[in-house]
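Enquirer: Handing you this structure, nothing more for now.
The values are calculated or read from the model by the stated rules, or taken from the named source; none is laboratory data. Predicted model, so just to flag it, every value in this text is computed and none were measured. All Cβ positions, glycine included, derive from the backbone under ideal geometry; neighbour counts span all protein chains shown. Only protein heavy atoms, including side chains, enter the accessible area calculation; ligands, DNA and RNA are left aside. Shrake-Rupley method; radii C 1.70, N 1.55, O 1.52, S 1.80 Å.
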Amino acid sequence: WYKLRIDPAELPQTILDAIHVTRALGIDLLWVDGLCIVQDSDQDMHHELGRMRDVYRNAYVTIDASTAAKVSEGFLQDRELRPMPDAVLPFICPRAGGPAEQSANGTQLGMVYVKLGFNDDNYCTFGEYERDDPDSYTALRGWCLQERLLSTRLLIFNSETLRLRCHTTTHNIGGADHNGRHDTTRIPDAVFHPDRLIARHSDKWQAIHRAWLKIVEEYTRANLSNPEDKLNAISAVAEMFAPFLGPEYVAGLWRPSLLDNLLWESDDQYPLSPRPTK
């Protein structure tokens, strides 16, 4: 029935907004997991999940509705402006350091946004003012990590701005500040070229291995509605890393580096997730 017609009145607001954006971009086709995958068919789910890597990699652009807590909310609603900082302090930092952007002449520039106040002795005080907030709800969803990592282009509808992310950089539309502090870890470029021979334990291999561990760390902090999806929701990313870290994949780890990977500890900064039952 859905192949013939879908009544817009039956669609939640987030999907209606995605249709509006797709048409505005002049794109004819839109992939929606909830509609393109038969949700109550284990066979269809297994088949389609096995090709999600190709869906993300071959899509012209992926829409990230980061401000929608649920599918009924939509993401094109008016945003409330946060109060402006009292002061902006520019600084120059090393090329390899911290949240910064590169100017046209190659100098690394950064900005600290601050709120001013006065203590009991009437001395002026200031504290850093967070201007570049995390990408909200989708950053907390386990299933969304794959689309962020694998999509060639990502349009992120943030709480304050529209953000464009690709495999090399992230920009806020209109030149709004973006410090990159909350960006999802990127997959190293070499992973997208599995035909290249990279010696195990070489510098490039170490970079790939560190990227995988960082991705697993971010994925572990995310939420899954169904705990049994834990391995499925990152399987497409694991397939990308397999030619370099595999061949044997052991529930999020790789047998050649299994002993090293088992040396982990929890971070008190984040709440512990419940241990899965299976």
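Enquirer: Taking the condition of being more than 17 Å from Glu265 (Cα to Cα) and of a type outside the set (A, V, I, L, M), how many residues in the stretch 185-223 meet it?
Expert: Number satisfying all stated conditions: 18.
Enquirer: Out of everything in the stretch 201-236 that is more than 17 Å from Glu147 (Cβ to Cβ) and acidic (Asp, Glu), what residue ends up being farthest from the chain's Cα centre (by Cα)?
Expert: Applying the filter and picking the extreme gives Asp203.
Enquirer: To continue, here is another question. If I ask for residues that are within 16 Å of Glu73 (Cα to Cα) and open to solvent by 90 Å² or more (accessible area, probe 1.4 Å), which ones from the stretch 10-39 would you list?
Expert: Selection gives Glu10, His20.
Enquirer: Exactly one condition in (1) within 23 Å of Ala222 (Cβ to Cβ); (2) modelled with pLDDT of 85 or more is false for Asp189; which is it?
Expert: (1)
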